[in-house]
Amino acid sequence: MIGSDGRISRFAGSESKCSCLEESCSCFDEEHVLAATTKLSTISSITVSQDGLLHICDQGNLRIRSVTASLPQLNNRSEYEIHSPESQEIYVFNRHGHHTFTKNTISGKDTYVFTYNSNTSYGKLSTVTDAAGNKIYILRDYSNQVNTIENTQGGKCRLEMSRMMMLQSFTTPSNFKTVFDYHGSTGLLRSKEDSTGLSYIYNFDEYGRLTESVTPSGQVIRLAYNLSLKGASVTITRDDKDPVSLLIKGSDVTARIGSTEERITQHP
């Protein structure tokens, strides 16, 4: 598999020196094994189905192998735990698939606690509480659509949702309102306008990437993308000013403005 940084990594299959012609061949294991350690003989074709599964035709073993993601098992509390080494957090889900806790793996304390209005698969988010005890309430109308977000100080933000469940407007406790418009049913933002009359316009390419933005001052910001062996690059142009280019390869980010170049390395 080739990543956006141009590096090749193993996704599935390990080298096998067996010819797979002997009766004693043990390359095929009926047990479910890790894709990266599965012995494959002669790969004649690969394909990806609509459900996102990778299928490998192993002609030498006369079998088609499918690569699937391994799902976590329920613990003794009937919960699923997803570990994130990067953020040092554990995401806890109940048997209905609702995110109920986010825990810090070092302290073991809850970072966020989520509650729902029903302990069923149809339950909707009702409260979010952080580690300091701050809580927000998500209030809904008769159709279960969110219409208000309230904090513990009594501040209320009002929301209006479309039939496509897209946010149409957001009003703060100080009555500052922002209205949103979208590109059809894509969910991509076409424009937003606030109470002061300031508006922004957005355009996207066929891949859903932002390509152009017009600010309230009339400034046009354009973005161009490229993916090559050098890495993933984004070029940002503001009106007729010198473009800013960002080249991302692995943990290295190179920013270039005109003849000036700056390199930043992100350490895990």
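Laid out as a table, the results:
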| quantity | calculated |
| --- | --- |
| Filter result for C57 (over 30 Å from N119 (Cα atoms), assigned to a loop (DSSP other than H, G, I, E, B) and either at pLDDT 75 or above or not assigned by the TED database to the domain that holds L227 (or both)) | no |
| Conditions (1) in contact with a Ser or Thr (Cβ under 8 Å, 6 or more places away or on another chain); (2) at pLDDT below 85; (3) of a type outside the set (A, V, I, L, M, F, W, C); (4) closer than 30 Å to V113 by Cβ: number failed by S70 | (1) |
| Breaking point among (1) under 26 Å from V253 (Cα atoms); (2) loosely packed, with under 15 Cβ neighbours inside 10 Å, for T186 | (1) |
| Residue that is surrounded by the fewest Cβ atoms within 10 Å (Cβ to Cβ) [pool: residues in region 54-68 that are in contact (Cβ under 8 Å) with a residue 24 or more places away in the chain and not charged (D, E, K, R)] | L54 |
| Meets criteria (modelled with pLDDT of 90 or more and surrounded by 16 or more Cβ atoms within 10 Å (Cβ to Cβ)) for T171 | yes |
| Yes/no for G133 being loosely packed, with under 15 Cβ neighbours inside 10 Å and closer than 30 Å to K156 by Cα | yes |
| Subset of region 251-268 that is of a type in the set (G, A, S) and not in a strand (DSSP E or B) - its residue that is nearest to the chain's Cα centre (by Cα) | S251 |
| Unique match (being at pLDDT below 90, assigned to a strand (DSSP E or B) and of a type in the set (A, V, I, L, M)) among I236, I248 | I248 |
| Which numbered condition R256 fails, given (1) more than 20 Å from Y200 (Cα to Cα); (2) of a type in the set (D, E, K, R); (3) exposed (fewer than 15 other Cβ atoms within 10 Å of the Cβ) | (3) |
| Given (1) more than 25 Å from the chain's Cα centre (by Cα); (2) loosely packed, with under 14 Cβ neighbours inside 10 Å, index of the condition R140 fails | (2) |
| Where a residue in region 210-230 is over 18 Å from S245 (Cβ atoms) and its partner, wherever it lies, is of a type outside the set (S, T, Y) and surrounded by 15 or more Cβ atoms within 10 Å (Cβ to Cβ), with Cβ under 6 Å and at least six apart | V214/I201 |
| So N94, is it out of contact with any Phe, Trp or Tyr (no Cβ under 7 Å at 6 or more places or on another chain), more than 24 Å from K39 (Cα to Cα), outside the structural domain of L34 (by the TED database) and loosely packed, with under 10 Cβ neighbours inside 10 Å | no |
| Number of the exception - T38 against (1) among the hydroxyl-bearing types (S, T, Y); (2) crowded, with 17+ Cβ neighbours inside 10 Å; (3) at pLDDT 85 or above | (3) |
| Which numbered condition E206 misses (of (1) outside the structural domain of K249 (by the TED database); (2) surrounded by 12 or more Cβ atoms within 10 Å (Cβ to Cβ); (3) under 30 Å from I248 (Cβ atoms)) | (2) |
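Yes/no matrix, rows are residues, columns are (1) closer than 30 Å to S233 by Cβ; (2) within 25 Å of the chain's Cα centre (by Cα):
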position: V146; (1), (2): no, yes
position: F170; (1), (2): no, yes
position: P173; (1), (2): no, no
position: F204; (1), (2): yes, yes
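The values are calculated or read from the model by the stated rules, or taken from the named source; none is laboratory data. What you are looking at is a predicted structure, and each value in this text was computed from that prediction instead of being measured. Backbone-built Cβ (ideal geometry, glycine too); neighbour counts: all protein chains shown.
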